[in-house]
Amino acid sequence: MLTETYPSKKEKNGGSGFDCPSYGNSVTVRDYQQSKVVCESCGRVLKEEIKDRGPEWRAFDQEGREEKRRAGPPSTETIHDKGLSTQIDYTDRDARGNKLSPEQKNKVYRLRKWHKRSRISDSTDRNLSFALSEMNRMASQLSLPTNVQEIASKIYRKAVKENLIRGRSIEGVVSAILYAACREAEIPRTLEGITEASKVDRREIGRTYRFIARKLDIDLPPTNPARYVARFGSELNISGEAKVEAMEIIRKAQEEHLTPGKSPTGTAAAAIYIATLKCGERRTQREIAKVVNISEVTVRNRYSEMVEELNEEIKV
């Protein structure tokens, strides 16, 4: 890139920078081809012989940029060593791209093996390595974004530091912490969904979640039932109009204080049931209960409460 547009430095960091005498705090353009800073409004040259802060090499496609780039990826909490260690590649080629001889391959194989072992020096590293790899597997299966993994990894590191893992299964702790991270990031995932991905007993996950939350002072508000509507609605194949109607019903229920103390998934299921009736896309209580993974009785009870309390707004 030969030119870059910047706001005035004074606007950006409070310092006295390249302010145009004619226009004051104007937007400036850095022209690296001519090594000048120019005012975008009037074209006045504000500074000459500026330094190009970009790389000294040139590349014309993404592959070329990746080959010439010397910086590694940013540090991350999702790897036990935070991604700051080096890696020995598996391509078995030297710096010039030539294939290694059999003797060199054996040597590199031994180096790679001992290098991998040296990265995990004690029991804490082994614990983190296994737990974070398991967390990555579960997050991939649940289609969770990277920021949820980062949150969960930070919580797990705190739990290890406070010695809360001893005597508990790593899979159970990982599942509980992943559930807590989903709630903190407001990602709609149920405890049943976490249980299915982890193959750990639901009661153990719930028990571990409450223990970790109490010990680490994690105070998470209840999940908003409206966040489940899009996911459950897609599985039930209802229209966008019905989803919007369900969200509106939940909003009214929240205004009437009908949701505190109730399961968010149960509230969402009842709202979807009412919305499908109003929009002429009827789904049975059994169908909705199966998708949401709750009992038909729960759907029926939440439905009766909401219809009774919101009688004027909802006419089924």
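The values are calculated or read from the model by the stated rules, or taken from the named source; none is laboratory data. This is a predicted model, so every value here is computed, not measured. Note that we place each Cβ from the backbone using ideal geometry, even for glycine, and neighbour counts take in every protein chain shown. For the accessible areas, the whole protein counts, side chains as well, though only heavy atoms, and no ligand, DNA or RNA atoms are used. Shrake-Rupley method; radii C 1.70, N 1.55, O 1.52, S 1.80 Å.
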Notebook entry, point to check: Where the accessible area of segment 123-216 is counted over protein heavy atoms with a 1.4 Å probe, how much of it, in %, is carbon and sulfur?
Noted result: 44 percent
Next item on the list: Send over a whole-number figure in Å² for the accessible area per residue of segment 225-310, probe 1.4 Å.
Entry: 49 Å²
Checklist line | Among the listed pairs Lys158/Lys199; Lys158/Lys215; Lys82/Lys215; Lys154/Lys262, those beyond 18 Å (Cα-Cα) | finding: Lys158/Lys199; Lys82/Lys215; Lys154/Lys262
Check: For segment 123-216, what relative contact order do you get, as a whole percent, if you take Cα pairs closer than 8 Å and at least 6 residues apart?
Finding: 31 percent
Next item on the list: Please give the per residue accessible area of segment 123-216, computed with a probe of 1.4 Å over protein heavy atoms only, in Å².
Entry: 50 Å²
Next item on the list: Beta carbons within 10 angstrom, averaged per residue: use that to sort the peptides 270-282, 143-155, 90-102, 160-172, highest first.
Entry: 270-282, 143-155, 160-172, 90-102
Next item on the list: Enter the mean projected area of the convex hull around the alpha-carbon atoms of segment 201-258, in nm², rounded to one decimal.
Entry: 5.7 nm²
Next item on the list: May I ask you to derive the relative contact order of segment 219-313, considering only C-alpha pairs under 8 Å and at least 6 residues apart, and to give it as an integer percent?
Entry: 31 percent
Margin query: Quick query: amide H of Asn293 versus all other amide H atoms, modeled in the peptide plane; which residues come in under 5 Å with a sequence gap of 5 or more or a different chain?
Written below: none
Notebook entry, point to check: How long, wide and thick is segment 129-223, going by the Cα atoms along their three principal axes, in whole angstroms, largest first?
Noted result: 29, 29, 25
Check: Counting only protein heavy atoms, what percent of the accessible surface of segment 225-310 is carbon or sulfur at a 1.4 Å probe?
Finding: 45 percent
Note to self: Between segment 121-182 and segment 189-255, what is the separation of their alpha carbon centroids in Å?
What the structure shows: 20 Å
Next item on the list: Name the residues whose placed amide hydrogens come within less than 5 Å of the amide hydrogen of Lys47, ignoring near sequence neighbours (fewer than 5 apart) on the same chain.
Entry: Val37
Check: Hull surface divided by four, with the convex hull built on the Cα atoms of segment 82-198: how many nm²?
Finding: 9.4 nm²
